[in-house]
Number of protein chains: 2
Amino acid sequence: MMNCIVAQSGGPTSVINSSVFGLVEANKELKIYDNVYAGLNGIEGILNKNIINLSAMDSNELDTFRRTPSSGLGSCRYKLKDSSLCEDEYISLMSILNELNIKAFFYIGGNDSMDTTAKLSKYAKEHGIDIKFIGIPKTIDNDLMFTDHTPGFGSAAKFIATSVLETYLDSTVYIDNGIFILETMGRDTGWLAAAGALATVDGRRAADYVYLPEVAFDKVKFINDVRETFMKNNHVYIVASEGLRDETGSFLTASSLGANHDKFGHTQLGGVAHYLRTLIIDAGITSRVKTLELGVLQRCAMHSASKIDFEEAHMVGRDALKYSAEGYTGYMVAIKRSEGNDYSSSSFLIEADKVANKVKYFPLDWVNSEGNNITEEAIAYLKPLVFDIPELKFSDSLPQYKVFRS
Amino acid sequence: MMNCIVAQSGGPTSVINSSVFGLVEANKELKIYDNVYAGLNGIEGILNKNIINLSAMDSNELDTFRRTPSSGLGSCRYKLKDSSLCEDEYISLMSILNELNIKAFFYIGGNDSMDTTAKLSKYAKEHGIDIKFIGIPKTIDNDLMFTDHTPGFGSAAKFIATSVLETYLDSTVYIDNGIFILETMGRDTGWLAAAGALATVDGRRAADYVYLPEVAFDKVKFINDVRETFMKNNHVYIVASEGLRDETGSFLTASSLGANHDKFGHTQLGGVAHYLRTLIIDAGITSRVKTLELGVLQRCAMHSASKIDFEEAHMVGRDALKYSAEGYTGYMVAIKRSEGNDYSSSSFLIEADKVANKVKYFPLDWVNSEGNNITEEAIAYLKPLVFDIPELKFSDSLPQYKVFRS
């Protein structure tokens, strides 16, 4: 018996289950492992022996699951300590994997999960344990190094751009329109906010201004810009990342929110739109300022997903299986964009420890000289990633979804 | 020359332009009027002579316009005074309509617009002016009397139900999940919040509790209910209308928000989700409470619209034209649901002054005995209204939209 196991970690995306499906489907075809098991709730679930056998699942159920947003296998935010500090978890985990005859472990996640993948691979090598550990990328934040982009980002980008388009139209119906501020996720990077610039009406970008965490927020310039555009158009549309910072690097809203921290030490954010609204009102520009925080819809609005994203999530899952059969361990499957005008992509491997705990920032040379929008080069990068819509299943006219929960 | 004019008023919906298109298309076929004009920004725009000729528009452009959310002709919140108090506006308006040889005026809006329709019709009759005034319903709130439901509601309901489904999945991925609160629009009525109950996962409703403004909010029962479900499931999903009130009829959040009022004396709301979150945390149930206010997306998320809604909006526009040719004035086109198991609908007329300034509440016998959810009878009413998805046009994989702005 030779089995493998897959698990999901960190924040959900709309297409994370497509990667699981890609892996299961490739194994059905290539017959590399006898069974593809899944740990429910990531590594935490595996340690609790919450494990199901995906190879034994009904194919119709799996087909619904692949089109389902959110971590269909459950998730965790479990931080594995270094094995030199605490070996117990490593011993438990390897023992559970051994019992199940696991020869390959696939971890779908962001940079924290790549840290886990690298640590487990290193531990296995050091202890002569023959299990391959491969990381499969997913994060709506698009902030992983080396990969051209991350599965999950394109669908989030599409939902954001569509929402900008629709709320732009909604916010311009009166003679007297006021100002609209859309707040996107993006703690450290501006990729998600940048996607707002994709929305165009009559060939003109809907968003007047797009603010990213990579550019120190200049309050005075912001007020001047907004005032000028409001005087001219009687309307301003602003897209702002939740992670905006001032010139000292402090989050604009950290203090007002009490700066809560999660287990990984990340500051919990939100409220940038309200902060900007207050700036505008206090500056006397107008009191008619509406705000919208897209919140978790950005990472689960499968009804507005990107087909390219859905397919690439499938690709990285499928290729992870192949790479494991070729003997690789301690790597993450990354995406490479091909040269040329027509978009296409393929996968390659990058050492997981190189990706772990690092952040890919939005390039500053893709920010306009005013620091308040993105360039056409950035648009050209983003545009192919939101291509087309995946086919969903419906039940009573609502999307039909299937998840596995412990 | 015999022309007609159409205008839009009040808050936008996703399908309000489908009614305009239905009217223009029916006139092309039936040749009742020489031209269908449109006033931009409602009656305010007509008074400013911001008028375009829809009959002269490119048919491809109109086809994009019909699939565009938000008031494609612009809107207003202009309150017409009674002619006995201020006749000037009536005289100006009738003179402008006369110049354009207008024989019928169609006003697409909610109950305030039906008030305007009734007033103008009465004034015209009293002064021997041969112009028919017909109201065409639209409001996501579904709160107009006599009509089975309002165009715009089904699409909002579908977006809400889909969002409940997707955020429910997103909020259940961890072992330790906490509580999720989704806040819907619905100042006076619970129709929109009720739509949240349509979301089901594995045949079970995703939302544990649905709170409507029609039921006085009982803080103690709320805390007990939420605590019990959280103890049992380690997760609670709550849908709450922005218009929740206590037993005295006061909005739960009115005081904390300073109770702003709009031109019609409506209290401006928002923040119920935060209020409930505070209740839960203060009661010591858990501090892991996430909130999401869907905001204006509810009335413009055309990418998740209902085809039935889209088609019925078309029907009321088309039939308004026919009714005007039959000589009716001072009426609103209402929707009748046919008897029997298979859903179908037709239009009928109801006096606009009967609809004006009234509110259709969510029936109390469609609320469960606990006052914290809706009955299966209510589900049966709601379900057909979210049927299927209208076909959109796309440009660079984002919906392609077209509006006319003054």
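Can you tell me which residue among A:Asp112, A:Asp63, A:Asp82 is in the same structural domain as A:Met332 (by TED's automatic domain parsing), at pLDDT 95 or above and not polar (S, T, N, Q)?
Testing whether each residue is in the same structural domain as A:Met332 (by TED's automatic domain parsing), at pLDDT 95 or above and not polar (S, T, N, Q) leaves just A:Asp63.
Quick one: count up the residues across the stretch A:55-81 that are closer than 21 Å to A:Ser95 by Cα and more than 12 Å from chain B (Cβ to nearest Cβ).
3
Go over the candidates B:Tyr381, B:Tyr401, B:Tyr361, B:Tyr331 one by one and state the one that is of a type in the set (Ser, Thr, Tyr) and over 22 Å from B:Ala156 (Cβ atoms).
B:Tyr331 is the lone residue from the list that is of a type in the set (Ser, Thr, Tyr) and over 22 Å from B:Ala156 (Cβ atoms).
Looking only at helices (runs of 4 or more DSSP H) that fall completely inside the stretch A:129-245, which ones have 3 or more residues that are within 14 Å of another protein chain (Cβ to nearest Cβ)?
A:153-170
Those residues that are β-branched (Val, Ile, Thr) and either under 18 Å from the mean Cα position of the chain (by Cα) or in a helix (DSSP H, G or I) (or both), I need them from the stretch A:100-116; list them, please.
A:Ile108, A:Thr116
Just for strands (runs of 3 or more DSSP E) wholly inside the stretch A:289-406: which have at least 1 residues that are farther than 30 Å from B:Tyr343 by Cβ, among the hydroxyl-bearing types (Ser, Thr, Tyr) and assigned by TED's automatic domain parsing to the domain that holds A:Asp34?
A:331-337, A:345-351
Kindly list, by first and then second residue, each pair from a residue in the stretch A:90-108 that is not assigned by TED's automatic domain parsing to the domain that holds A:Ser70 to a residue that is surrounded by 17 or more Cβ atoms within 10 Å (Cβ to Cβ) and not in a loop (DSSP other than H, G, I, E, B), limited to pairs with Cβ atoms under 7 Å and residues at least 6 apart or on different chains.
Here the result reads none, with nothing in the stretch A:90-108 linked to a residue that is surrounded by 17 or more Cβ atoms within 10 Å (Cβ to Cβ) and not in a loop (DSSP other than H, G, I, E, B).
Please list, ordered by first then second residue, the pairs with beta carbon atoms under 7 Å, 6 or more apart or interchain, first in the stretch B:121-143 and over 12 Å from B:Tyr90 (Cβ atoms), second among the hydrophobic types (A, V, I, L, M, F, W, C) and part of a loop (DSSP other than H, G, I, E, B).
B:Pro137/B:Leu144; B:Ile140/B:Met185; B:Asp143/B:Val359
Counting just the residues of the stretch A:359-406 that are aliphatic (A, V, I, L, M) and either within 9 Å of chain B (Cβ to nearest Cβ) or more than 23 Å from the chain's Cα centre (by Cα) (or both), which one comes out farthest from B:Ala199 (Cα to Cα)?
Of everything passing the filter in the stretch A:359-406, A:Val386 is farthest from B:Ala199 (Cα to Cα).
The values are calculated or read from the model by the stated rules, or taken from the named source; none is laboratory data. Treat the numbers as computed from the prediction; the structure is a model and nothing was measured. Here Cβ is always computed from backbone atoms with ideal geometry, including for glycine, and neighbour counts include all displayed protein chains.
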